[in-house]
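Reading through the structure tokens given below for one structure.
The values are calculated or read from the model by the stated rules, or taken from the named source; none is laboratory data. Bear in mind that the values here come from a model prediction, so they are computed numbers and not experimental data. Cβ: placed from backbone, ideal geometry, glycine included. Neighbour counts: every protein chain shown. For the accessible areas, the whole protein counts, side chains as well, though only heavy atoms, and no ligand, DNA or RNA atoms are used. Shrake-Rupley method; radii C 1.70, N 1.55, O 1.52, S 1.80 Å.
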Amino acid sequence: MDKDKEEQILRKRFIELARTADNRGYQTYSDFLNLNEISIFYSLRHELPKVNYYLFGGYNGAERKVLCFYADTDVKAFSDYITCIRMLPLNKKFSDDLNHRDFLGALMNLGIERSLLGDILVKEKEGFVFCKASISEFIVDNLTKIRHTSIRCEILTEELPEIQPDFKEIRGSVSSIRLDAVIALAFHTSRNSILGLISGGKVFVDGRLVESNSYQLKEEETVSVRGLGKFIFKGMENQTKKGRLFVSILKYI
């Protein structure tokens, strides 16, 4: 399907969900949205009814998120809509060294659309996938092997284990806290090589597409660069005698 047509369909879907929540007074949900889709939502908020909304992916810091519209002041828990499934080898000692791509590929091979799946986190050969609750039983019943490793799946109903992503702290000096300068520091590359990524629509800040390399980053903003990765900008620590700014970054690994 043509990219512009896909975007038009998505925009109409957002408007439809918002109007339904506003007119009928109950919650409406999207599928899991990627960064570009979230950015499209932000770009049309002024066209939507004045209805409450909330974006959530199952845990704090999620990249793929479900959009919920709700008319009252109290959004219900996402627990009825989003489920977390733990995927673990039957024998970790003899398990393949499974990674994100392995878990995602196995789920997609079941015929599951990507829009029904949220983030996948990997910890010590185990995978945790956030998905629509409606497909959770299907995954548990049918996902039994990843690569050469036999696995079992279980739906997590209690408090989630500590499965937050791992970070690497990067500290260094930049000439300014412009987007291009900080990205260059995060990924150890030149500012010139970053310009094409920014103008090419591959850089998102807190889910919003940013196409200006002069954008000034703020503390705690999350920057995602397609093809490179993402990081949290922790902010400026001090200034050198030569006027350069010493900053701190938490890079996802």
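Just a few scattered comments:
- Qualifying residue in segment 45-55 (condition: in contact with a helix residue (DSSP H, G or I) (Cβ under 6 Å, 6 or more places away or on another chain) and either under 27 Å from Cys84 (Cα atoms) or open to solvent by 50 Å² or more (accessible area, probe 1.4 Å) (or both)): no
- Against the list (1) over 21 Å from the mean Cα position of the chain (by Cα); (2) among the aromatic types (Phe, Trp, Tyr); (3) surrounded by fewer than 19 Cβ atoms within 10 Å (Cβ to Cβ), the condition Tyr70 fails is (3).
- The residue list Glu219, Glu237, Glu158 contains one member that is among the acidic types (Asp, Glu) and touching a residue at least 24 places away in the same chain (Cβ under 8 Å), which is Glu237.
- Subset of segment 1-36 (residues that are open to solvent by 90 Å² or more (accessible area, probe 1.4 Å) and in contact with a Gly (Cβ under 8 Å, 6 or more places away or on another chain)): none
Conditions tested, residue by residue: (1) among the hydrophobic types (A, V, I, L, M, F, W, C); (2) touching a helix residue (DSSP H, G or I) at 6+ places or on another chain (Cβ under 6 Å); (3) modelled with pLDDT of 95 or more.
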site	(1), (2), (3)
Arg152	no, no, yes
Thr157	no, no, no
Pro161	no, no, no
Lys168	no, no, no
Ile183	yes, yes, yes
Ala186	yes, no, yes
Ser193	no, no, no
Gly196	no, no, no
Gly201	no, no, no
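- Selection count, segment 203-253, where residues are open to solvent by 30 Å² or more (accessible area, probe 1.4 Å), in contact with a helix residue (DSSP H, G or I) (Cβ under 7 Å, 6 or more places away or on another chain) and part of a strand (DSSP E or B): 3
- Residue within segment 83-96 that is within 30 Å of Ile15 (Cβ to Cβ), open to solvent by 40 Å² or more (accessible area, probe 1.4 Å) and either modelled with pLDDT of 95 or more or not basic (Lys, Arg) (or both) present: no
Condition check ((1) among the β-branched types (Val, Ile, Thr); (2) in contact (Cβ under 8 Å) with a residue 24 or more places away in the chain; (3) more than 30 Å from Ala21 (Cβ to Cβ); (4) out of contact with any helix residue (DSSP H, G or I) (no Cβ under 7 Å at 6 or more places or on another chain)) across all residues:
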position: Phe69; (1), (2), (3), (4): no, yes, no, no
position: Phe78; (1), (2), (3), (4): no, no, no, yes
position: Thr83; (1), (2), (3), (4): yes, yes, no, no
position: Arg101; (1), (2), (3), (4): no, no, yes, yes
position: Gly118; (1), (2), (3), (4): no, yes, no, yes
position: Glu124; (1), (2), (3), (4): no, yes, yes, yes
position: Val129; (1), (2), (3), (4): yes, yes, no, no
position: Arg147; (1), (2), (3), (4): no, yes, yes, no
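- Among the numbered conditions (1) assigned to a helix (DSSP H, G or I); (2) open to solvent by 60 Å² or more (accessible area, probe 1.4 Å); (3) within 18 Å of Asn36 (Cα to Cα), the only one that Asn192 does not meet is (3).
- In this entry, Ser39 passes the filter for residues that are assigned to a helix (DSSP H, G or I), under 20 Å from Leu117 (Cα atoms), open to solvent by less than 70 Å² (accessible area, probe 1.4 Å) and in contact with a strand residue (DSSP E or B) (Cβ under 8 Å, 6 or more places away or on another chain).
- For segment 99-112, filtered to residues that are closer than 22 Å to Glu137 by Cα and not in a helix (DSSP H, G or I), the residue that is most open to solvent (accessible area, probe 1.4 Å) is Asn109.
- Residue check for Asn52: over 30 Å from Arg152 (Cβ atoms), polar (S, T, N, Q) and without any contact (Cβ under 8 Å) to a residue 40 or more places away in the chain: yes
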